[in-house]
Each structure stands twice: as structure tokens, then as C-alpha cells.
Amino acid sequence: MACLHDHSCEDHDCSADWSLYKHIDISKVTALNEAVPGSVKSVFKAWEQRLSSSEEHLESNEGDPELLVFIPFTSDVKIKSISIVGGAGGTSPSKMRAFINRDGIDFSDAQSMQAIQEWDLAENLQGVLEYQTRYSKFQSVASITLHFPENFGGDTTQIQYIGLKGEATQLRRDVVATIVYELMPNPSDHKAQAEGGGGLSHVE
Amino acid sequence: MVLEATMICIDNSEWMRNGDYAPSRFQAQADAVNLICGAKTQSNPENTVGILTMAGKGVRVLVTPTSDLGKILACMHGLEIGGEMNLASGIQVAQLALKHRQNKKQQQRIIVFCGSPIKHEKKLIEMIGRKLKKNSVALDIINFGEQDDGKIEKLEALLAAVNNNDTSHIVHVPTGSSALSDVLINTPIFTGDGEGGSGFAAAAAAAAAGGLSGFDFGVDPNLDPELALALRVSMEEERARQEAAAKKATEEAAKQEKGEGQPSGTQDAMMTERANVATSEVDNKDDENALLQQALAMSMDDPDSGHETRDTDMSDAAADDPELALALQLSVQDGTKDSSSQSDLSKLLADQSFVSSILASLPGVDPNDPSVKNLLDSIQSQTEVRASNLSSQQKNEEKEPKEDEK
């Protein structure tokens, strides 16, 4: 199994690098123009299983090679590089465009918006190619949307595996989780000083 | 309970003046729109509905998707009829309105009322359908009113292009006595993709049909669950009693041929009597105990009825074919071994102390009550008779194969 690194894979555990899939919020992953609803969830798996085609893969509708994949994370991540394994026979995607931290993008938005980065892909059936990101732009990613506008001439576009390499921070981008609104202050919530005489003062 | 944003496209073209749907096509459509809005907002409070008109001077959005039912109903007033329907533009504007919905988590749906002829080409319609499917927008089509050649074909093609996993539907409403809304209530447009009718739809159906249809026993389970449960339980008991009585009747007919006659029948009668005792207590106890007794009676019924149906089948077959009769009798010898275990069960039940302890646990029954005592005595005597008859039956069967061999 060749790797992009110039060492053999037995020394260096490649699979540990491609572990960002664990931080993906799988239940909220969606795709537009997929032939089978929900099949997009099957492309996020461990590095070792990237070539196993036993499970279903993501396929676009007949005659329409565009695909849009929305990937939210459970915490903010930094993405270093992306790997895509496509299908055979011209069904691999040929271009990829990424959008960061925006949800609800559909095809007309994707075509009109400026992507944060674009790549030209090669057919990567063995999963050995990875595409580096401009790391400074991918520092606190809560969600990434990948748009695949074209493929290598096939009738549909198939994607077997999407791998993300990077680091996960423990931070969350959406700041406000619980807010408590007080109509009147409750002194017991605000005991900062020592008990006894600290809170009240009286004027003589 | 799907979270959905819906855009309803209304046809207010000249063809809507026609009166073949009471009171006029346009009014029937307005009633249906009101019902749909109510159903959608009730099934999930965060659902939003918007309305646009397709004819008139042009496609016009009356209200953008909102959950405020009053606003939606208000905008239905004062709509003017005229012009020609523009289906393609209507759907595209609806799609745009849904794209700019406030809550991006909502699923997108368009409901189109199509009551006049479609002037677009089929190819254009299909392209629009594919674009909707690509952006995962579901489409419901209500075909009513004017039918010209090609309209149904175009609408079916549109549905085929849009449909993704059966989320889109088409309904054809013919002219007739029932109102447009009544026909729509039973369709997946209201019942929402097989999730089961929403409470609104079910209640509306009941009101529309004049009260009792749509619910078992005429009671709305939403309104009065305990009453509905009690009614259902008593229906099942009655059915069980009738089945037992029917089996007893066939049993007696069958047993007279074999010369066994009464014991199994009365065995059955004993079982039904016990079931009756149990069921008469239902009224005195709460539902949980009732169901427990019901289950007990049913389980007592079942082993015996299983045994008896085997007997009936055997007698019917035996009349036809002697070899078959031999095979059946050999198999019944295995069956009697089962029934001996069942008779153990009935012995247990006939055990006076066990039964009286069960009956003592029923609050309404006093074990010292003379009628109960008579019942217990009859149970005991019946089991003795049955046990003796079982042994005689085994002897008969051993004799008959020998006769056949001769």
C-alpha cells in the first residue's frame, strides 16, 4: 500500500492521521443530488476501509454528475488535507470546491459563491493521493461543504471514501449553549465574597 | 412530525369560475388550502406554510413561509380570479421562496393545485421536476378541474422526475358529490408519507364523515383512551367467546362421529365459563388486572382449542382415505402425549386450592360464594371425566390401527 510519504506504511501508522472522521457529526451529514438518500454517510470510514466497496457508496442521480456534500463536525477542527476515492469508469469527480462554516448551501449558491479553495482531482482509485489545504484558512472549521461539479465523463459520479486529515480541537464554534435570563438578581447566585457581612452594607 | 416548510401554489385562473365542484372550483380549492395549512401547522409547531398564486397578472407570493395560521387565512380573502395559470413559473418561484426560508433545517415541499390546462411542453416540466429533485424539494400535485389531453401525462411525468423515495405524490380528484377537501383528507398529502394520520387529519375526517367513521367503536382514542381500551378489550373477549362456542359446535359434530361426544365439548364449555368468570370481573377491576385475566383465560383456551382443532381435522380426513387415517392416528398418538401434558395443566387448574387462591385474588369474588363453589365442583368433575376419556381414546386408537391392518 503506497503512501504519499516516502516511507513504508508499516513504520508509520497512516490510519491515525486520517482520524478526523471520528469528529464528524454523522447524523447531520447531508448530500444533494444523491441517488439513494442517506448513502453519503457511508463514505466516512477508517483509512483501512477506504477501498472496501462492500457497503454502499455515494452516487449522484443519473445523467447529473454534480454532488454537494455537507459535513458538520462535533467540535472545531483544523483540516490539513483531504483524500477522495472515486468510482471507476469515469465516475470519479474531477474538481472539488470547498466552503467553510456555511450551512444550507444548495447548487445555485455553490455555483455563484467563491469557494475557499478549489482543487483539480485525479482519478484516485487506490486512495493514495491527498490534496493539501491552505492550512491557514482551515483553522477553525465547524462544518465543511464539498462541491463536486464535474467528473471524468461518466454518467454519474461515485464517491467511495472521503478522508480528512488534521487535528481536532475541543472548542466549539457555536458559542451560546445555555443562557439564563434573570428578571431580578438572586443574591444566592452571586455569592462571590465570604459569607457574613460581605454582601450587605448599610449607611449609618 | 417532519419539520417542513411548505409553499402552496394556488390556481386562480379563469377556469376556476366553474361550478362542477361545490360551490365553485375556487372555493373548493380555498377550503382545501385552509385544511392543509391547519394540518401542517398542527403536526409540528415549527412548520411553516406560504402561499402564492399562479394566475392573475403573474405569479405573486401572497405570504412567505410562516407559522402564523391567521396570516395565511387572512391572505386568502379578496383573491381575484382571472388570467391563465403559469405552472413552470409558479413552481420556480415557490422553490425560490423555500430557498430563502428562515430555518434551514426544514424540509422543502411544494403543493400545487392544478385545475386548468397546462400550456408548457412536457420537456420543460420534466426539467423543472429534475431541478426540484436535485435540490431535494418534494412536490405534491392535486389534479382537479379541467382535464385536457396531455395534462395527466405531463403531471405524471413531473411526478416521476421529482419523486425521490416516495416523498412526492399526485392526487386526481374527479368531479362529484364529495368536496375537494374530503377527498384530500385521506391522501398522503394529509397523512404525511405513511407516518399515520395526524390528530388533526383524523379529527377532521371524523367531523367530515359525520362522527363515527374512521375510529373503532366510535370513540376517539385521543379523546378518551380508557374508554377506547375498555371497548376493545370487551370486543376481544366477545370474539374469543364466540370462537370458543363455534369450536364447541364443530367439536360436537365431529365427536359424535367418533363416539366421544360431550366431554371435550363440556371441557370447552368449562373453559369458556372460566373465561366468563374472569371477564365478568373485568368490570370490577382496573384495566391492568383485566388484561392479566384476559391473558390467563386466553392461554387456558389456546392449548385446549389447539388440541380440539387437531381432532376435527383428523375426523374430516379420516372419512376420505384409510391410509391417511392410519397416518393421522399415528400422529395423534404423538398428539395425545402433548395433550397429556395439557391435561397436567388442566389438573393444576382443577386443583381446588390453586383455583380458589386465584379467585381469592380477584376482589369481586368470594370463594365461599355458593355459585363459585358449584363452578369449582363442576370443573373438578369435568377434568376427571376428561382424563378418563383421554385414556379411553388412546385405547380406541390403539385398536383401530390393528383393525386397519387386518
- Task: Can you check what the net charge comes to around A:Val36, using other residues whose Cβ is under 9 Å from the Cβ of A:Val36 (Lys, Arg +1; Asp, Glu -1)?
- Result: -3
- Query: Rounded to the nearest 10 Å², what accessible area does A:His190 show when all protein chains are kept and the probe is 1.4 Å?
  - Reply: 100
- Can you give the accessible area of A:Ser136 in Å² (nearest 10), computed on protein heavy atoms with a 1.4 Å probe? 100
- Could you sort the residues of the stretch B:125-143 by number and keep only those whose accessible area is reduced by 50 Å² or more in the all-protein-chain setting relative to the chain alone, 1.4 Å probe? B:Lys134, B:Asn135
- Query: Which of rounded, prolate, oblate describes the stretch B:104-153, given a ≥ b ≥ c as roots of the alpha-carbon gyration tensor eigenvalues and a/c under 1.5 marking rounded, otherwise prolate only if a/b is larger than b/c?
  - Reply: oblate
- Quickly rank B:134-142, A:41-49 as a protection proxy: mean count of other C-beta atoms within 10 Å, highest first. B:134-142, A:41-49
- Message: What's the total accessible area buried between chains B and A, using a 1.4 Å probe, rounded to the nearest 100 Å²?
- Response: 800
- Item | Full-extension gain in nm, B:Ser234 to B:Leu124, via 0.36 nm per residue minus C-alpha separation | 33.7 nm
- Item | Accessible area of the stretch B:14-57 belonging to carbon and sulfur atoms, whole % at 1.4 Å probe | 51
- Can you work out the FRET efficiency for the pair A:Met184 and A:Asp25, with r the C-beta to C-beta distance and R0 = 51 Å, to the nearest 0.05? 0.85
- Note on the structure: Given pairs A:Lys78/B:Lys134; B:Lys247/B:Lys373; B:Lys104/B:Lys133; A:Lys41/A:Lys95; B:Lys57/B:Lys134 and cut-off 24 Å on Cα-Cα distance, the over-length ones are A:Lys78/B:Lys134; B:Lys247/B:Lys373; B:Lys57/B:Lys134
- Item | Unit charges at the beta carbon, dipole of the stretch A:107-155: most positive-side option, A:Pro149, A:Trp119, A:Tyr135 | A:Tyr135
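The values are calculated or read from the model by the stated rules, or taken from the named source; none is laboratory data. The structure presented is a predicted model; accordingly, all values stated were derived computationally and were not measured. Cβ sites come from the backbone with ideal geometry, for glycine too, and all protein chains shown count toward neighbours. Heads up: the accessible areas ignore ligands, DNA and RNA and are worked out on the full protein's heavy atoms, side chains in. Shrake-Rupley method; radii C 1.70, N 1.55, O 1.52, S 1.80 Å.
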